[in-house]
Amino acid sequence: QESWTLRFNHVLGPNEPFHKGFLAWADRVAERTGGRLKIDVYHSSQLGVEEDIIEQIRQGANVGQNTDAARLGNYVPGIAVVNGPYMVANKEEAFALADSPTMQGWIEELAEDHGIRVVCFDWVQGQRHFFTNRPVRAPEDLDGLRIRTPPAPIWQESIRALGATPVAMNFGDIYTGLQSRAVDGAELVYTNITAANLNEVLSHANETGHILLVNFQIVSEEWFDGLPEDVQAALTEECRAAGQETSAVIADALEAAKAELVRRGMTIVEDVDLEAFRKAGEKAYEVLGLTEARAKVLADMGR
Amino acid sequence: MTLVAIVFALLLVMGLPVAFAIAGAGAVFFLQHPELPFTQPAQQAISQTQNFSLLAIPLFILAGNLMNRCGITGRLLDLATLLTGRLRGGLAQASLVLSGLMGGVSGSAIADAAMQARMIGGEMIARGMSRGFVAGILSFGAVLTPIIPPGIGMILYGSIGNVSIGRLFAAGILPALCLWLALALTTAFIARRGGWPPERTRRARPAEAFSALGAGFWAMLFPVMLLIGLRSGLFTPSEIGAFAVFYALVIGIAVYRELSRKGLGQAIETSLGDIGGVMLLIALSAPFSYGIILERVPEDIARAMLGLTESREALMVLIVLAVLAAGFVIDATILIIMLTPIVPPIVRGMGADPVHFGMVFIIAATLGNFTPPVGAAMYAVCAILGVPVGEYTRASVPLFLALALVVVALVFLPGLVLFLPNLIY
Amino acid sequence: MQGSGRLARLIGWLQRAEVFLAGFFLVGMVAMIFTGGVARMVGRPLNMTIDLATCFFAWATFLAADIAWRQDRLIAFDLFSSLLPDRARRVLTLVNLAIIAAILAYGVVAGCWLAWVSRARSFQGIPGVSYSWVTMALPVGSALMLVTTLGRIRRLLRGGEDGA
Ligand code: NA
Ligand code: NA
C-alpha cells in the first residue's frame, strides 16, 4: 500500500500550544488514513526559514509550513487583508472565513498560479497587543515609540497606521534589544511574552487587540494533487478540526499567560480607546491598496 | 546518515578542502532523498548568508584587520606585554582577558576568535609560541564570548525551554570565570613545559606603565566603547561589529593618524580572503546540517542516554559527555534547538534546576565550535593563521580536557552556577 | 591563472573586478548597519538598511570565497596526502579538483535555475524586489571558483606545481 510523508515546519517553540496542535493533527491524520500519511512536525524553524520552505513547496516538495496572510499576500495580494488591523474580530469569524467566496477565489489562485495549496486556516493565534514600558491608551501614546514588528511591509504599514514607529528586528535580538532600549516595545500575543520571558524587559501590556493573527497551513499543490481523495479529505478535515481545537486551547492559554504576567508584576492596560485605534487602522488598508479587497471580504461575512 | 558520515571522513582524508568535503557529504544525503528538490542544497547555502546572527563574522574580521593597520593592535600589544610580560605565555593570557571583555558585547564565538586570530595570532607565533597552541588558545578562549552575557545559546535555550533568560545571563558569569581560570592555568602549565621565556624580566616602572597606558588609552577603550554602544541601545549584539569597524576607523584616521588609504585597502583585501574561507565553509555545511536535523540524530542520541541511569548527577554527566561527543560534528545551535525540548524536562523531573542544567548544557554544546572535524571557530582561526588542523588538534587536547573537566565539575556545583541568579532575581 | 593572451587578460580583469565588488559589498554592509543603528537611536528607523546589508552579505560571501580559493586559503586536512609519493599525490589532487569542479558546476546550474524559477519570490516581502538578486550571488561565485579550479586542473595536467 502506498504511503506518504509530510515534513511540517513552523517557527514556534515546542511549548507553544500550536506545536501540540500540529502533533494532534498528525495523530488524527495517521489514525484516519491507517498510517498511510505520516506528518513529521519540526519546531523552531528547524527545516529552514519560512520563505525557503515556501520556495520548496512551490517546487513540489513534500514539506508543509505554518504561515500567515502577510506572507501569502506576497503571491496573491488580497489575502493580506486577513492580517490587517481589526479585520477579523474573533476565532468564530476566522473559521467562517473559509466560506467566503472571495477568500476561496484567492486560495484557488494561490494553488493554480503559484503551486501553494492552503490546507486550512482555522488556526487562530489570538489578539496581538502592544507591550511597552509605559501605558498606551490611544494612538497618540504610541507616538515616537519604536515597536519591533515582523519584517514584512504589510506589518510595518499596519503598525505605522496605528501610530507607532515600526522597527524590523530578528526574533533573537528582541530580548537584548528591549533590555538596551534599541526598541521601546513589541507587538505580540500574551503567550509569546511568557514563553520568551519578555516580562523581564517589558512592564505594560496594552490590550489594543489590533490584529487577530490567523495562521495558514500550506503544502505543495503538486504534492497534494498526487494524494488520493480520501487522504486529501483526511488531511484537510483533520487540519480544520485540530486547528479549531487548538484555537480554543489558545484562548485559554492566553488567559493563563495573562494571569501569570499579572502575577509576575506586569501592568495590564484595559481601558484602551479601541474606537480611535480602529479608525487609525483604516489608513493601513489605504496605503497598501487593500480597501476594495477588505470591503469584499467584509461583505461576504455580512459585516 | 551513516553513508554520509563515511563519505565525509573519506573526503577529508583525501585532503579535499573542508568546505567542499562537507558539501560533498551533504550531496550524498540529498542523493539518498530524491523527493527533495534538487535546488535545495543551493537554496540552503544561500540562506546561511541571510542569517542576521552570522553577519557579525565578516564585521569583526574587518574590525580586526583595521585595528592592525590603524595602530590599535600595536598599542594594545605594548600594554599587554607590559602588564603580562613577566608571565610565560603572557600574550596568550592577555588574549583570554580580551575574550572576556569581548564577551560582554558579542554573542558570537566565531566572530571573536576570527578577530583575535587576525589581531594578535601572528604576533604570538612571532614571539615563540607554537603555532598549534596559538590557534588552540585563540579558538578555545572564545568560549568566554557566548557564556558571558549576552549569548545566543542562552537566548535559544531560554525561549525554547521556557526558562528565564535574565537568570541564564546571570548564571553565565561565574562558570565563565571557572572556564577562564582553567584556560589560564593550562596555558601557564604549557608555557612552563614548553620553556617559553617571559618577555620581560623586571617589573614595569611607574613611568613606563603610565606612558604605555597613555599611548594605549584609545585602544583600551575599544571594548568599553562597544559596551557603551550596546548598553545605550545604539546597537544590538548582531550589529555591534559595525560599530567596532567604525571605532577602528575613527581612531586610526583622527586620533592615531596611522591609517592610510593604502592601509585601508589592504585591510579590506585581507579581510576578504579571511571571510571567503570562513563563510564558504559555513554556507556549504548547510545541506549536511539539514541531514542531521531531518534524521533527528541528536534526539536519538539523547533518548539513548535518558534510560541509562536513575541518578540525576550521573545522567547529567552522561548527557554532558554525549553533547561533547556530538559537538565534534554537530553545530552548537542545532544541538540546543533539538535537545532543549527533550532533555531539560526530564532532568527537571529528577529535581535539577533548569538554569543549572541549561548552563552546563550550553557550555558543552558551545565547545563543539572548537573541536575537529567540524567546528566553525576552529576553522576560522586555522584558516586565518594558516595553521594545519592536525597541528591545532594535537595542541588543543589539554585545552579541551581542561574545559570538559570544568563542565563536568559544574554538574556537581549547582550552587556556583545559581549563586548570582539567586542573588539578583 | 596563466592563460594565453586575450583569455588571460580577461581573467585578470575579472579578478580585479571581483576584489573591487567584494570590497564594495563588505564596506556597504558596515555602512548600512551603522546607519541603521544610528537612525533607530534617533527614532527614525530605516528598515531597508538591514535588508540591503543581508543582500550585500550574500554577494560579499560568495565573491570572497573565490578570492580565498585563489589565495589557497581554504583549509584541508593534509595529513594523509602528504605521506603519498609524488605521482600518487598528483593523481589525488586531480581527483579532488574534479570533485570540486562538480560541486561548483552544481552551484552554477542549481543557482541559476533557482533564481529563475523563484523570480516571483520577493526579497523581504518588498513588492517588486526579487529574491533572485540574492540567489544569483551563489551561481556567480561558483562560476568564478569554477574558473579558478579549471585553471588549477590545467596547470596540474601541464606538469606544473600542485594545483590545490
Ligand atoms: Na557574550
Ligand atoms: Na566540533
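Find out how many positive minus negative residues lie around A:Ala168, taking Lys and Arg as positive, Asp and Glu as negative, among other residues whose Cβ is under 15 Å from that of A:Ala168.
Once all neighbours under 15 Å are counted, the net charge is -2.
Kindly give Rg over Rh for the protein assembly as shown, based on alpha-carbon atoms, with the Kirkwood expression for the hydrodynamic radius.
Computed over Cα atoms, the ratio is 0.96.
Hey, what's the stretch C:2-157 come to in accessible area per residue, 1.4 Å probe, Å²? Can you show the working numbers first?
Values: 7190 Å² over 156 residues.
Solvent-accessible surface per residue comes out at 46 Å².
Once the Cα gyration tensor of the stretch B:245-323 is found, what semi-axes does its equivalent ellipsoid get, as square roots of 5 times the eigenvalues, in whole Å, sorted largest first?
On the way: eigenvalues 475, 75, 11 Å².
Sorted largest first and rounded, they come to 49, 19, 8 Å.
Tell me the carbon and sulfur percent of the accessible area for the stretch B:178-336, rounded to whole percent, probe radius 1.4 Å. Walk me through the numbers before you get to the answer.
Values: 4580 of 7030 Å².
Carbon and sulfur atoms account for 65 percent of the accessible area of the stretch B:178-336.
Name the residues of the stretch B:44-71 whose accessible area falls by at least 30 Å² when all protein chains are present instead of the chain alone, probe 1.4 Å?
B:Ile46, B:Ser47, B:Thr49, B:Gln50, B:Phe52, B:Leu55, B:Pro58, B:Leu59, B:Leu62
Sort B:Met359, C:Met32 by heavy-atom solvent-accessible area, probe 1.4 angstrom, most to least.
C:Met32, B:Met359
Between A:Val262, A:Val124, A:Val41, find the one with the highest GNM mean-square fluctuation for chain A; connect C-alpha pairs within less than 10 Å.
Among A:Val262, A:Val124, A:Val41, the largest mean-square fluctuation in the Gaussian network model of chain A belongs to A:Val262.
Filter the cross-link list A:Lys20/A:Lys283; A:Lys38/A:Lys258; A:Lys91/A:Lys296; A:Lys20/A:Lys296 down to pairs whose alpha-carbon distance in this structure exceeds 31 Å.
Pairs exceeding the cut-off: A:Lys20/A:Lys283; A:Lys38/A:Lys258; A:Lys20/A:Lys296.
Residues of chain B: accessible area per residue at 1.4 Å, in Å²?
Numbers: 14290 Å² over 425 residues.
Dividing the accessible area of chain B by its residue count gives 34 Å².
I want the local charge near A:Val297. Using Cβ-Cβ distances under 12 Å, sum +1 for each Lys or Arg and -1 for each Asp or Glu among the other residues. Walk me through the numbers on the way to the answer.
Details: positive: A:Arg294, A:Lys296, A:Arg303; negative: A:Glu93, A:Asp99, A:Glu292, A:Asp300.
Counting the neighbours of A:Val297, the net charge comes to -1.
Go ahead and estimate [θ] at 222 nm for chain B from helices alone: -39,500 (n - 2.57) per DSSP H run with n ≥ 4, summed, over the residue count, rounded to 500.
Dividing the helical sum by the residues of chain B leaves -23000 deg cm²/dmol.
If you roll a 1.4 angstrom probe over the protein chains with everything in place, what fraction of the accessible area of the stretch B:48-137 belongs to carbon and sulfur, to the nearest %?
Roughly 53 percent of what the probe reaches on the stretch B:48-137 is carbon or sulfur.
Chain B: D in µm²/s via Stokes-Einstein (Kirkwood Rh, Cα pairs, 10 °C, 1.306 mPa s)?
72
Please name the residues of the stretch A:179-205 whose accessible area, counted over protein heavy atoms with a 1.4 angstrom probe, falls by no less than 40 Å² between the chain alone and the full protein assembly.
For the stretch A:179-205, once contacts with the other chains are taken into account, A:Ser180, A:Ala182, A:Ala195, A:Asn197, A:Glu200 lose 40 Å² or more.
Can you give the accessible area buried between chains C and B, summed over both chains, with a 1.4 Å probe, in Å² to the nearest 100?
5000
Please build a GNM for chain B, connecting alpha carbons under 10 Å apart, and tell me which residue among B:Ser99, B:Ser311, B:Ser130 fluctuates the most.
Among B:Ser99, B:Ser311, B:Ser130, the largest GNM mean-square fluctuation belongs to B:Ser311.
Once you've got the GNM for chain B with C-alpha springs shorter than 10 Å, pick whichever of B:Gly349, B:Gly71, B:Gly153 has the biggest mean-square fluctuation.
Of B:Gly349, B:Gly71, B:Gly153, the most mobile in the Gaussian network model is B:Gly349.
How tilted is helix B:72-84 with respect to the longest principal axis of chain B? Cα atoms for both, answer in degrees (0 to 90, nearest 10).
Long axis of B:72-84 versus the principal axis of chain B: about 90 degrees.
What quantity of accessible surface, computed with a 1.4 Å probe and excluding non-protein components, is buried in total between chains A and B, in Å² to the nearest 100? List each step's numbers first, then the result.
Numbers: alone 12750 and 18000 Å², together 27970 Å².
Roughly 2800 Å² of accessible surface disappears when A and B pair.
So what is the accessible area of the stretch A:1-122 per residue, in Å², with the probe set to 1.4 Å?
Heavy-atom accessible area per residue stands at 32 Å².
Rounded to two decimal places and with Rh computed the Kirkwood way over Cα pairs, what is Rg over Rh for the stretch C:1-137?
That ratio is 1.10, to two decimals.
Kirkwood hydrodynamic radius of the stretch C:54-117 from all distinct Cα pairs, in Å?
Final number for the Kirkwood radius of the stretch C:54-117 is 14.2 Å.
The values are calculated or read from the model by the stated rules, or taken from the named source; none is laboratory data. Keep in mind that this is a model prediction, so the values were computed, not measured. Positions of Cβ are backbone-derived with ideal geometry, glycine not excepted, and every protein chain shown enters the neighbour counts. Ligands, DNA and RNA are excluded from the accessible area calculation, which covers all protein heavy atoms including side chains. Shrake-Rupley method; radii C 1.70, N 1.55, O 1.52, S 1.80 Å.
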